[in-house]
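Peer 1: Here's a structure for you.
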Amino acid sequence: MIFVPGIRLLSVCVLLAVPVCLFSQDPPKPTVPSIAAPAGSEPAQTPAPAPAPAPKVAPGSDMEDFSIGLFGWFNPSHFHLRNGHAATVGNNPANLDYGGKNSITPGVELSFPAGKYNALRFSFFQAKGHGGSITPGAIKVFGEDFAAGETIAANYKLQNFKASWEYLSWPYPPEKSSFRFKTLFGVQYIGVQSTLRAPIFDLINGTDTTITAKHYFVYPSLGAGVEKRITRAVRWELKGEGFWLPHRSQLWDVQTFFAVQGTHLEVLIGGRALHFRTSPQKAEYIYATMPGAFLELRWRFKY
């Protein structure tokens, strides 16, 4: 008799809890009948994603274009002639500085793709100069003797041929970077032809002292370059290369420019310098350092 009120209270709690539990459950989800594929048919396949497009060099670079360029180079410098180690003992020194004016140097440059992000470039130019010089003393040049104070007319011509492989060293791939570092491997030919004449001496004595000599060498050239893309159409470049052997010929060249690129035509404006020395092991050698401004028009064949 004592437990009856407790049993009634427990029964009321159970009766109230059952409806709450029933209504709190999620309703059952309707089942969708599956449609069977017809007999003999293949199951549907998810199409494969399209392959990512091959990366291309970012705008502003010409590392993967065919191109041909024509340039003019203004280099108001002069050549210097000196005695080499093979000069005969007792000869008058061959110290002569060529004077006169240099004409604007024309040149051509061809570029071809050479591996991904790399370029192979070929260039040629010919520089000419002429003018008069007065011998500082008695000199012996190319086997000919000239007296002190004698006027000498000089005509000289320099030819340069260069083949260079520009290899993109960093970064790789370059699409997301506006800066690039290149390594340069090449070979260069330098040929210098000199023609000297003493016109006043020839007029007085009725003789002809015209003499012509040629010096040349072929060297490998190693170097580096940097490229900075400023906008999609404008970039800046600096590159230089050369080679040197003790007591032999010397060679280096450097150039820097801004390039403004259109659809096909590209304009390059900047400066360049070339230094060379023929071998001093011969009786005479010639050297010069030739800095100056240049302008190039380059036509790019995109593919």
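The values are calculated or read from the model by the stated rules, or taken from the named source; none is laboratory data. Since the model is a prediction, treat every value here as computed from it, not as a measurement. Here the Cβ is made from the backbone with ideal geometry for all residues, glycine too, and neighbour counts use every protein chain on show. Ligands, DNA and RNA are excluded from the accessible area calculation, which covers all protein heavy atoms including side chains. Shrake-Rupley method; radii C 1.70, N 1.55, O 1.52, S 1.80 Å.
Peer 1: Heads up, I need the accessible area for Glu166: 1.4 angstrom probe, whole protein in place, Å², nearest 10.
Peer 2: Near enough 10 Å² of accessible area.
Peer 1: Take the alpha-carbon centre of segment 251-267, take the same for segment 115-181, and report the distance between them in whole Å.
Peer 2: Between the Cα centre of segment 251-267 and that of segment 115-181, the gap is 18 Å.
Peer 1: Give the accessible area for Ile68 in Å² (nearest 10); use a 1.4 Å probe, count only protein heavy atoms, and leave out ligands, DNA and RNA.
Peer 2: Estimated to the nearest 10 Å², Ile68 gives 70 Å².
Peer 1: Excluding residues on the same chain fewer than 8 positions from Lys128, give the lysines whose Cα lies under 17 Å from its Cα.
Peer 2: Lys101, Lys157, Lys214
Peer 1: Let me ask something else. Using a cut-off of 15 Å between beta-carbons, work out the net charge of the residues near Lys282 (Lys and Arg +1, Asp and Glu -1, Lys282 not included).
Peer 2: +4
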